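Trainee: Below is the structure I would like to discuss, written out as structure tokens.
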2 protein chains.
Amino acid sequence: MIIGDKIKIEKKVLSENDRLASEVRQKLQRRNILSINLVSSPGSGKTSLLEKTLGTLCNKINMAVIVGDVQTENDAIRLKKAGGKLVAPIVTGGACHLDARMVDKALETLDLDKIGVLFIENVGNLVCPAAYDLGEDLKIVIISTTEGDDKPLKYPTMFRKSSLLIINKIDLIGLSDFDINRVKENALSINPHLGILELSCRSSEGLKEWYDWLISTAETKKMSH
Amino acid sequence: MIIGDKIKIEKKVLSENDRLASEVRQKLQRRNILSINLVSSPGSGKTSLLEKTLGTLCNKINMAVIVGDVQTENDAIRLKKAGGKLVAPIVTGGACHLDARMVDKALETLDLDKIGVLFIENVGNLVCPAAYDLGEDLKIVIISTTEGDDKPLKYPTMFRKSSLLIINKIDLIGLSDFDINRVKENALSINPHLGILELSCRSSEGLKEWYDWLISTAETKKMSH
């Protein structure tokens, strides 16, 4: 009985979220903003990647970040220090994912006319954020080499719904049993259309390819209108 | 309106879970079984720690494992290979945490009279499993050094509800900005009663202290009846 009620209300919550996400999407589309929902386990390197990206590309792309955490605005502080001019923190206060309502509210604090690329850094969680559309153009899932190469099989929905997989911490390959070919095979078996980039935020190896990918994806988005 | 309904049904679900957890707890207490709910991010080393523990202590303690994953029984297979004789897999099929009902069902497949210590390996997720009592004696939270020393502040509930923090992958200290003293300070600022062990499942450093802790905690449990 309770389980039936739970499923019913979850469906309602998700359909209300979809409605709001569609409004967010229209708002962003009208201004040709490329929007990216960045998802991963805690500690895979979402904030580190954004620090590097904000620092390096600030003269080439107008970037904004909505950054979600269960508690603390520490990541938002890090991103502002790294050169982020448009950073909107969301503290979910317990919730395990961002939803479209939170993003819509955070957007009110940003000057949308000044944004070319919007990153939405989700709560560190490989499960729940997969269920909530935030109105983004695409999801990027980050996995770090220290997490093990089996994760795509164990958390398939996130890999199925993402457009790009970033394998971070490649400087630590060889220090664990992580097999980079196996993680790619596992990820592609779940989602054959997944793009894959390998990099290390610490050693900077592979970051150029990421910047190229981002610039070209933002250009394509701009030209699509 | 939907949010109000959602909160109401969540309260019902949690109170029903508490009722079932209390039944599980009584079932385990009657047999003096020490039960441990093992929680962490994906890839922190829950399964690796259990592999080592099952392999090393199989002649000293009768151990059983209930192992939860969103998808695949891969971890259960690993644990059986490592010498686990009593291993019960739960595939949640999407759910981001174990609940007491799943554990109760898994217990039916195990011979409780043969168990001294029951490990419940939860889904890799630092948020949602914190809300669900499984009828366990205590929670152990694992964090790996590659995840960053800020995690206790960002996911406080899990650290507040745990009795022991295991810091895994200490062989990789120095290869990231992780500061072991800072992670301890952060964890103790959330929960001053938290025990802390440091180890590496890969290099085996610190495992002896973990085995000693486990044997002595299991002994204390047995004597308490």
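The values are calculated or read from the model by the stated rules, or taken from the named source; none is laboratory data. From a predicted model like this one, the values you see are computed outputs, not experimental measurements. Here the Cβ is made from the backbone with ideal geometry for all residues, glycine too, and neighbour counts use every protein chain on show. Protein only, heavy atoms only, side chains kept; ligands, DNA and RNA dropped before computing areas. Shrake-Rupley method; radii C 1.70, N 1.55, O 1.52, S 1.80 Å.
Trainee: Please report the orientation-averaged projected area of segment A:1-72, defined via the convex hull of its C-alpha atoms, in nm².
Mentor: Value for segment A:1-72: 7.2 nm².
Trainee: Once a ≥ b ≥ c are taken as the square roots of the eigenvalues of the Cα gyration tensor of segment A:52-120, is the result rounded (a/c under 1.5), prolate (a/b larger than b/c) or oblate (a/b not larger than b/c)?
Mentor: It is oblate, given that a/c is not under 1.5 and a/b is not larger than b/c.
Trainee: For segment A:37-45, what does the Karplus curve 6.51 cos²θ - 1.76 cosθ + 1.60, with θ = phi - 60°, yield as ³J(HN,Hα) per residue in whole Hz, taken in order and with x for Gly and Pro?
Mentor: 9, 9, 10, 4, 5, x, x, 7, x
Trainee: Between segment A:144-159 and segment B:78-123, how many Å separate their Cα centres?
Mentor: Cα centroid of segment A:144-159 versus Cα centroid of segment B:78-123: 21 Å apart.
Trainee: What is the distance, in nm, between label points placed 7 Å from the Cα along the Cα-to-Cβ direction at B:LYS105 and at A:ASP104?
Mentor: The modelled label-to-label distance comes out at 3.6 nm.
Trainee: Quantify how strongly other chains surround peptide A:142-149 by giving the mean number of their Cβ atoms within 10 Å of each of its Cβ atoms.
Mentor: Average per residue, whole number: 5.
Trainee: Still on this structure, I have one more. For A:LEU38, what residues show an amide H to amide H distance below 5 Å, using hydrogens built from the backbone and excluding near sequence neighbours?
Mentor: A:ILE120, A:GLU121, A:ASN122, A:ILE140
Trainee: For label points placed 7 Å from Cα toward Cβ, what is the shortest-first list of nm distances from A:ASP212 to its copies?
Mentor: 5.4
Trainee: OK, next. Mind listing the phi-derived Karplus ³J(HN,Hα) values for segment A:172-180, rounded to whole Hz, using 6.51, -1.76 and 1.60 with θ = phi - 60°, and x for any glycine or proline?
Mentor: Result, rounded to whole Hz: 9, 4, x, 9, 9, 7, 4, 10, 5.
Trainee: Can you pull the mean other chain C-beta count within 10 Å for peptide B:36-47?
Mentor: Shielding by partners across B:36-47 averages 5.
Trainee: Taking the alpha-carbon centroid of each part, what is the distance from segment B:10-53 to segment A:168-221 in angstrom?
Mentor: About 35 Å separates the Cα centre of segment B:10-53 from the one of segment A:168-221.
Trainee: Would you please classify the overall shape of segment A:104-225 from the alpha carbon gyration tensor, given that a ≥ b ≥ c denote the square roots of the eigenvalues, rounded means a/c under 1.5, and beyond that prolate means a/b larger than b/c while oblate covers the rest?
Mentor: Taking the square roots of the gyration eigenvalues as a ≥ b ≥ c, segment A:104-225 is prolate.
Trainee: Can you give the charge dipole size of segment A:35-159 about its Cα centre, rounded to the nearest 20 debye, using +1 on the beta carbon of Lys and Arg and -1 on the beta carbon of Asp and Glu?
Mentor: 340
Trainee: Taking amide hydrogens as modeled 1.01 Å from N in the peptide plane, which residues meet the under 5 Å criterion relative to A:VAL87, leaving out close sequence neighbours?
Mentor: Hits under the 5 Å cutoff: A:VAL65.
Trainee: Out of the total accessible area of segment A:18-143 (probe 1.4 Å, heavy atoms of protein only), what percent is carbon and sulfur?
Mentor: Result for segment A:18-143: 45 percent of the exposed heavy-atom area is carbon or sulfur.
Trainee: Using a 1.4 Å probe on protein heavy atoms only, how many Å² of accessible area do B and A hide from each other, summed over both chains and rounded to 100?
Mentor: Using a 1.4 Å probe, the pair buries roughly 3300 Å².
Trainee: Could you check the simple spin-label distance between A:MET223 and A:ASP113, using points 7 Å along Cα→Cβ, in nm with one decimal?
Mentor: 2.7
Trainee: Give a residue-ordered list of calculated ³J(HN,Hα) values for segment A:117-124 (Karplus: 6.51 cos²θ - 1.76 cosθ + 1.60, θ = phi - 60°; whole Hz; x for Gly, Pro).
Mentor: 3J(HN,Hα) across segment A:117-124, in whole Hz: 10, 10, 9, 10, 7, 6, 4, x.
Trainee: Take each of the peptides B:156-165, A:69-78, average the number of other beta-carbon atoms within 10 Å over its residues, and list them starting from the highest.
Mentor: The packing order, highest mean first, is B:156-165, A:69-78.
Trainee: Hey, what did chain B get for relative contact order, percent, Cα under 8 Å, at least 6 apart?
Mentor: Rounded, it is 23 percent for chain B.
Trainee: Taking only protein heavy atoms and a 1.4 Å probe, what accessible area per residue, in Å², does segment A:92-151 have with all protein chains in place?
Mentor: 27
Trainee: Which part of segment A:120-135 falls in the paramagnetic zone of A:GLU73, meaning amide N under 20 Å from the point 7 Å along Cα-to-beta-carbon?
Mentor: Answer for this model: A:120-124.
Trainee: Computed over the Cα atoms of chain A, what is the ratio Rg over Rh, Rh following Kirkwood?
Mentor: Result: Rg/Rh = 0.96.
Trainee: Of the peptides A:108-115, A:34-41, how do they stack up when ordered by the mean number of other Cβ atoms within 10 Å, highest first?
Mentor: With the highest mean Cβ count within 10 Å placed first, the list reads A:34-41, A:108-115.
Trainee: Dividing the alpha-carbon Rg of segment B:153-225 by 2.2 N^0.38 Å yields what?
Mentor: 1.25
Trainee: What whole-number value in Å² describes the accessible area per residue of segment A:177-225 for a 1.4 Å probe?
Mentor: For segment A:177-225, the per-residue accessible area is 59 Å².
Trainee: Do me a favour and compute the ellipsoid semi-axes for the protein assembly as shown from its Cα gyration tensor, root of five times each eigenvalue, largest one first, whole Å.
Mentor: 38, 25, 19
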